[in-house]
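Engineer: Could you have a look at this structure, given as structure tokens, before my questions?
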């Protein structure tokens, strides 16, 4: 019923949204001299704020049409190279003829989080990797767009997807798990290590991930553990309404996730929209565009399948199944100790309020059989959760360390062969 109420509310404010758009167009027209008066600018600004706060944000574009290698522009084509019901594997293909160097760069699969936002949240992550890596990204699909006939999707299915993608990409692929995927990525590497799979990842790089949330628990960690799993089933699991393709699928809806995200810093978000209004009235186009770019991404959310969400809450945040040695995959126990040939790097942000200090580092305590020379742990000073994979510190301090770690372990792997 709540999902239907959300849909009806969105439909109910459509006239207001259309009126705001129409008024904005009329008053911002170059043929309307009143639009440049103080009153006209205030009307235009108010209409934009109203329209933006009542719209539904669709999946953003990647906007990565080219990269630069040695200062030379290289066109980028985004291709779907493997497709599953709940995820597409994207290849950010650099134009071969335009590459200034001919030796192949390392293959890197960036595992995007399935925690509410689209994979495009990692636009800055991917952009920084493109000049020196052959980049692939997991592009998760909104669960409300997946027909019920495609079946379930849970944490084990997520792990199976990663294994299939690694087998598709072949030996020597490096992996980066950003935030939530740290657990299933470590599970996949463990399962493949146990089987001595020739396509096991050359390296696993985990950033701001909840490997063991008993360490430095944060507010979201505590909220997930304070209530029984039945509470989440009753209060946040809803069915997708008609006419969406996923009609009748049980999901944790994106709009509920967004409510949770924004409630953590509600004053900041309200102030940001007030600042947008003032920037528009003052004609500060750069500030207004910066606001638009951030919120076009932040407010675009997708639904998670109920089984994936509930299993993640129970096993990762409540039972701590992986660090306790109780995590299962397809009937077999997941053993991180089986990882022997895969290098491991963990990265945390000093001010991360989502995954506290030590939660990602815990991976090293689990992967006891990785040689010391194939390990690295790094804590980035001065950044929070988002700054671990986006922004200036990511580009100038974190990404160069990842680049060097990947190449160092390419050299070691070649020497071992």
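The values are calculated or read from the model by the stated rules, or taken from the named source; none is laboratory data. Since the structure is predicted, the reported quantities are computational estimates derived from the model, not experimental observations. No Cβ is skipped: glycine too gets one built from the backbone with ideal geometry, and neighbour counts run over all protein chains shown.
Engineer: Working only within the range 379-389, note down all residues that are in contact with a helix residue (DSSP H, G or I) (Cβ under 6 Å, 6 or more places away or on another chain) and surrounded by fewer than 21 Cβ atoms within 10 Å (Cβ to Cβ).
Structural biologist: Matches in the range 379-389: 387 only.
Engineer: May I ask you to verify whether residue 312 is touching a helix residue (DSSP H, G or I) at 6+ places or on another chain (Cβ under 7 Å), buried (at least 21 other Cβ atoms within 10 Å of the Cβ), part of a strand (DSSP E or B) and assigned by TED's automatic domain parsing to the domain that holds residue 210? Reasoning before the result, please.
Structural biologist: Details: touching a helix residue (DSSP H, G or I) at 6+ places or on another chain (Cβ under 7 Å): yes; buried (at least 21 other Cβ atoms within 10 Å of the Cβ): yes; part of a strand (DSSP E or B): no; assigned by TED's automatic domain parsing to the domain that holds residue 210: yes.
So residue 312 does not fit the description; no.
Engineer: Right, another one. May I ask you to verify whether residue 139 is surrounded by fewer than 21 Cβ atoms within 10 Å (Cβ to Cβ) and in a strand (DSSP E or B)? Let's see the steps before the verdict.
Structural biologist: Numbers: surrounded by fewer than 21 Cβ atoms within 10 Å (Cβ to Cβ): yes; in a strand (DSSP E or B): yes.
Yes.
Engineer: Given the criterion closer than 26 Å to residue 253 by Cα, crowded, with 19+ Cβ neighbours inside 10 Å, touching a helix residue (DSSP H, G or I) at 6+ places or on another chain (Cβ under 9 Å) and modelled with pLDDT of 95 or more, identify the matching residue among 166, 155. Talk me through it step by step, then tell me what you get.
Structural biologist: Details: 166 fails: closer than 26 Å to residue 253 by Cα.
One residue alone meets the criteria, 155.
Engineer: Counting only residues that are modelled with pLDDT under 80 and not in a helix (DSSP H, G or I), which one in the range 1-29 is nearest to residue 280 (Cα to Cα)?
Structural biologist: My answer is 13.
Engineer: Residue by residue through the range 68-89, note down the ones that are part of a loop (DSSP other than H, G, I, E, B) and under 21 Å from residue 146 (Cβ atoms). Step through it out loud before you land on a result.
Structural biologist: Initial filter on the range 68-89 (part of a loop (DSSP other than H, G, I, E, B)): 70-71, 85-86.
Within the range 68-89, 85, 86 meet the criteria.
Engineer: Which of the residues belonging to the range 90-115 are under 13 Å from residue 134 (Cα atoms) and in a strand (DSSP E or B)?
Structural biologist: Once the filter is applied, which keeps residues that are under 13 Å from residue 134 (Cα atoms) and in a strand (DSSP E or B), the range 90-115 yields 90, 91, 92, 93, 94, 107, 108, 109, 110.
Engineer: While we're looking at this one, here's another question. Six or more apart or on different chains, Cβ under 6 Å: which pairs go from a residue in the range 247-266 that's closer than 15 Å to residue 295 by Cα to one that's at pLDDT below 80? Could you list them?
Structural biologist: 255/6; 262/269
Engineer: Can I ask one more? Among the residues of the range 198-227, what is the count of those that are touching a strand residue (DSSP E or B) at 6+ places or on another chain (Cβ under 8 Å) and either surrounded by fewer than 16 Cβ atoms within 10 Å (Cβ to Cβ) or assigned to a strand (DSSP E or B) (or both)?
Structural biologist: 5
Engineer: Identify the residue in the range 216-234 that is under 17 Å from residue 307 (Cα atoms) and touching a helix residue (DSSP H, G or I) at 6+ places or on another chain (Cβ under 7 Å) and, among all such residues, is modelled with the lowest pLDDT.
Structural biologist: 224
Engineer: Take residue 355 and tell me if it is modelled with pLDDT of 95 or more and assigned by TED's automatic domain parsing to the domain that holds residue 403.
Structural biologist: Values: modelled with pLDDT of 95 or more: no; assigned by TED's automatic domain parsing to the domain that holds residue 403: yes.
When the stated conditions are applied, residue 355 does not pass them.
Engineer: Looking at the structure I just gave you, is residue 345 in contact with a strand residue (DSSP E or B) (Cβ under 6 Å, 6 or more places away or on another chain), modelled with pLDDT of 95 or more and in the same structural domain as residue 394 (by TED's automatic domain parsing)? Steps first, answer last, please.
Structural biologist: Numbers: in contact with a strand residue (DSSP E or B) (Cβ under 6 Å, 6 or more places away or on another chain): yes; modelled with pLDDT of 95 or more: yes; in the same structural domain as residue 394 (by TED's automatic domain parsing): yes.
When the stated conditions are applied, residue 345 passes them.
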